[in-house]
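Below you'll find the structure, written out as structure tokens, and then a few comments.
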Amino acid sequence: MSPALSSSSSFPPACASDGAPLSSAPRLPWGWPLALAGLLLALAVLLRGSGHEALWLSQLQPALARFSPTLWSLLSVAGLGWAALGLASVQGPALGERLWPCTLLALLAGGLLAQLLKKLIAAPRPPSELGPAELLVIGDPLYFNAMPSGHAATVATVALLVWALARPPRWALAALLLAALAVGLARVGVAAHWPSDVLAGWALGLLVGLLALRAVPQAPAWMTGRRGLRWRAGTGLLCGCVLALTPWGYPLAEAGQWLLGAGLIAAAGWQLHRHGGLARPAALLRSLIGLLLLLALLAWAAPQIELQQWRATLARVPLADWVLAALALLLSLGLRGWRVQLEWRARRATAALPAEALTYGASLRLLLLHTLALNWAPLRSGELGYLWLAQRQYGATAGEALASLLCLRLQDLLVLASLGLGLGAALALSLGPREPVSVLAALALSALVFATASVGLRPLLRCWQPASGAPLNRWQRLRARLAQAPSQGAALPIAALSLANWWLKLAALAGLLMVLLDGPPLLGLLAALGGELGGMWPLQVSAGLGSYEAGVAAGAALLGSELALPLILAAALAVHGLALLLSTVAGLLVLLFYGLPAPLVAPKLRVA
């Protein structure tokens, strides 16, 4: 629909097929849209007042519904305002600069007017007056506030705006009219509206479209150029996610709405790549891949979870237990921040740094900001945030920051692996899963394995250090940085804090899972451990959604649990959501009130 443009720094003026610039006010024949709107409104009033609409609908609608229930469901989703706004958001610069603000204004004004008229008219919908023998309802039945149809108003508005601003060829104009007719017919086919509602909706859409064109005679300054394109593309991404993830009440259209959402996301990404002038297109590609993986995982998991069952599962846990678990998770973040402080205090023992750079509060801020980036950047690309933050706060080189991050992740893996060995030993010894001694034995063995591995890791890193005096490449420099672990006096408290942080976090999550799944303590601990191991998988979407829940299900299966998969997924989603909510809110509060750490050395990351 939009003409192709070059990717130069300044966009040429938008032109229609006849060469007229789109940025200027279009010359509209106001007469025929107003006349058509009046005619449609008159037909709607006559049809509603005839007294025969219910009889005609009872004869027409069942045959229409049986023709293609899936098609009518898909058209009902495609006629939503989110779909219309998303379509306007992914157009090229030539058309998008004019179409997007007009569409946004028209949808907002038309939506408000439609809802106001629905409340004032208060007309019942077909399921309120016709019984199951006379009506074949597709999707969730609707009973109240029938006139006018919001879907019909939306498609009429979009058709008018596209015709006025793009001046498409005749075949495209015919396709627009066919789409508007199909969406209106779909609203009758799913038994959501009377035919008079659709006629009134088309009339309202034409009037609102004309008003939007009059109110926005030219493209606003903030909507032009690359900044405007990024705003539009961001809106397209949002609309794609909303369309894909929201249950719209049409189960037959679920696959179609996922495809529609993914299509909008891909189109928005293409516009950013082609016209957005991004400095790092690889970051955009990672984000889009992560977002599409998230949609795919949710598409798989959504049918497994019933909303009522999920609510019933959450109700098993008293409010006091949720609060206690939340406090434990926050305390585990505090212990992790303390661990970061001790490590960098040891690494910077001889460096002349400001005293506030090594305080507990500054280290906790770094940890929370890193956790925020890690949670929501796809494919674990948020780990790069640790390197950037360590450079700004501690003046670290790239090698030092990467060595610190690798030591942190290695200790995390040691804790989880040692606990896994402890739990495996408890299962091998046939200890009763409901006996507390099984969990205590697993924790004791985990502490022993972790202490042994931590003590043996230090000489191993020392042996790995390259020979002094020889020229070093980047890999050898990284090995040297890894070998420069904190002194023995600092290494023991750091290891103890890592163990305490993970035990506290796993205890909170395992306690919730034990109650949610109505299982023994060993089941909760295995499920929590599986979820954390799944969340550490490098190929994952934002926030580890999907991989964490799969890990919880795998951990529960190790105990031979016969719990239903929907129940396990519902419990996993609940505890994962709590952990994500707490860490995200904490990170956002730190970002809002304290901001990013000021750079100590240089605004860019230095290379070791």
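The values are calculated or read from the model by the stated rules, or taken from the named source; none is laboratory data. Computed from a prediction, not measured in an experiment: that's the story for all the values here. Neighbour counts run over all protein chains shown; Cβ positions are idealised from the backbone, glycine included.
Things worth noting here:
- The listed residue being assigned by TED's automatic domain parsing to the domain that holds residue 220, without any contact (Cβ under 8 Å) to a residue 24 or more places away in the chain and of a type in the set (S, T, N, Q), out of 149, 128: 128
- Checking each residue in segment 165-186 for being in a helix (DSSP H, G or I), surrounded by 15 or more Cβ atoms within 10 Å (Cβ to Cβ) and of a type in the set (Lys, Arg) picks out no residue at all.
- Test: residue 106 is buried (at least 22 other Cβ atoms within 10 Å of the Cβ) and at pLDDT 85 or above: yes
- Checklist (1) of a type outside the set (A, V, I, L, M); (2) more than 25 Å from residue 116 (Cβ to Cβ); (3) assigned to a helix (DSSP H, G or I); (4) in contact (Cβ under 8 Å) with a residue 40 or more places away in the chain applied to residue 222, failing item: (4)
Residue by residue, here is whether (1) charged (D, E, K, R); (2) part of a helix (DSSP H, G or I); (3) crowded, with 19+ Cβ neighbours inside 10 Å; (4) not assigned by TED's automatic domain parsing to the domain that holds residue 182 holds:
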| site | (1), (2), (3), (4) |
| --- | --- |
| 44 | no, yes, yes, no |
| 56 | no, yes, no, no |
| 66 | yes, yes, no, no |
| 71 | no, yes, no, no |
| 75 | no, yes, yes, no |
| 83 | no, yes, yes, no |
| 95 | no, yes, yes, no |
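- Number of the condition not met by residue 501 [criteria: (1) surrounded by fewer than 22 Cβ atoms within 10 Å (Cβ to Cβ); (2) at pLDDT 90 or above]: (1)
- Condition met for residue 125 (basic (Lys, Arg) and in contact with a Phe, Trp or Tyr (Cβ under 6 Å, 6 or more places away or on another chain)): yes
- Residue 191 being in a helix (DSSP H, G or I) and in contact with a helix residue (DSSP H, G or I) (Cβ under 6 Å, 6 or more places away or on another chain): no
- Any chance residue 418 is in contact with a Phe, Trp or Tyr (Cβ under 7 Å, 6 or more places away or on another chain) and of a type in the set (Gly, Ala, Ser): yes
This table checks each residue for (1) over 23 Å from residue 137 (Cα atoms); (2) surrounded by 21 or more Cβ atoms within 10 Å (Cβ to Cβ); (3) not polar (S, T, N, Q).
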position: 194; (1), (2), (3): no, yes, yes
position: 201; (1), (2), (3): no, yes, yes
position: 214; (1), (2), (3): yes, no, yes
position: 218; (1), (2), (3): yes, no, no
position: 226; (1), (2), (3): yes, no, yes
position: 232; (1), (2), (3): yes, yes, yes
position: 242; (1), (2), (3): yes, no, yes
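Listed here are the residues, each with its yes/no results for (1) aliphatic (A, V, I, L, M); (2) modelled with pLDDT under 80; (3) part of a helix (DSSP H, G or I).
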| site | (1), (2), (3) |
| --- | --- |
| 266 | yes, no, yes |
| 273 | no, yes, yes |
| 279 | yes, yes, no |
| 289 | yes, yes, yes |
| 303 | no, yes, yes |
| 324 | yes, no, yes |
| 334 | no, no, yes |
| 351 | yes, yes, no |
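- Residue in segment 374-382 that is assigned by TED's automatic domain parsing to the domain that holds residue 524 and over 23 Å from residue 595 (Cα atoms) present: yes
- Taken as a whole, the condition of being of a type in the set (Gly, Ala, Ser), within 21 Å of residue 83 (Cβ to Cβ), touching a Phe, Trp or Tyr at 6+ places or on another chain (Cβ under 8 Å) and part of a helix (DSSP H, G or I) applies to residue 244.
- The one condition in (1) at pLDDT below 85; (2) surrounded by 20 or more Cβ atoms within 10 Å (Cβ to Cβ); (3) part of a helix (DSSP H, G or I); (4) not polar (S, T, N, Q) that residue 519 fails to fulfil: (3)
- Residues (among the aliphatic types (A, V, I, L, M) and surrounded by fewer than 16 Cβ atoms within 10 Å (Cβ to Cβ)) located in segment 331-351: 331, 349, 351
- Yes/no for residue 237 being modelled with pLDDT of 85 or more and in contact with a helix residue (DSSP H, G or I) (Cβ under 7 Å, 6 or more places away or on another chain): no
- Check on residue 99, touching a residue at least 60 places away in the same chain (Cβ under 8 Å), of a type outside the set (S, T, N, Q) and more than 30 Å from residue 220 (Cα to Cα): no
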